[in-house]
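The block underneath contains the structure these notes are about, expressed in structure tokens.
The values are calculated or read from the model by the stated rules, or taken from the named source; none is laboratory data. What you see is a predicted model; the values in this text were computed from it and never measured. Note that we place each Cβ from the backbone using ideal geometry, even for glycine, and neighbour counts take in every protein chain shown. We work out accessible area using only protein heavy atoms, side chains counted, and drop any ligands, DNA or RNA first. Shrake-Rupley method; radii C 1.70, N 1.55, O 1.52, S 1.80 Å.
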Amino acid sequence: MGVHGLWGLLVPVGRRVSVETLAGKWLAVDASIWMVQFMRAMRDDKGDMVRDAHILGFLRRICKLLFLRARPVFVFDGATPALKRRTLAARCRNRDAAQAKVRKTAEKLLISHHIGNDLFY
């Protein structure tokens with residue numbers, strides 16, 4: 001997701017900074033990335049996504065930024081570009097093919113296990 005190769009372009013001029021150094025500064029936040037991070041990372045004891053994880057995550061980070069006197073501005077990207085739609089469609093096809101392969105392998109294992117057990121009866 002995102003802009004392919006962006007970090008490579010930013011390496012010569014980019015530098016890590018402590019969040020505390022952002023006090024009094026405007027900070028652009030990619031809301032989509034935050035949302036995905038929260039939905040993937042915030043899990044309960046069973047491994048299921050915490051209900052309203054995206055809302056809880058946003059609230060916590062916003063509170064932290066405001067406490068540190070940073071000024072977040074949230075950016076929501078528009079419609080999915082055609083290239084990204086094709087990439088997402090390809091990922092979906094690959095995932096479906098992999099799941100079909102796993103299902104077929106499982107069926108073969110079950111059949112061979114069943115046939116093997118029939119020999120002992």
- Task: Pairs only if they're at least six apart or on different chains, beta carbon under 7 angstrom, first in region 73-100 and under 24 Å from residue 31 (Cβ atoms) and open to solvent by 70 Å² or more (accessible area, probe 1.4 Å), second at pLDDT below 95 and among the hydroxyl-bearing types (Ser, Thr, Tyr); list them, first residue then second.
- Result: 76/32; 77/32
- Task: Output the number of residues of region 64-87 satisfying the condition of being within 30 Å of residue 21 (Cα to Cα) and not in a loop (DSSP other than H, G, I, E, B).
- Result: 9
- Before we move on, is residue 32 assigned to a helix (DSSP H, G or I) and in contact (Cβ under 8 Å) with a residue 40 or more places away in the chain? yes
- Item | For residue 65: the one exception among (1) at pLDDT 90 or above; (2) open to solvent by 50 Å² or more (accessible area, probe 1.4 Å) | (2)
- Query: Restricting attention to region 35-45, does a residue exist that is at pLDDT 90 or above, surrounded by 10 or more Cβ atoms within 10 Å (Cβ to Cβ) and among the aromatic types (Phe, Trp, Tyr)?
  - Reply: no
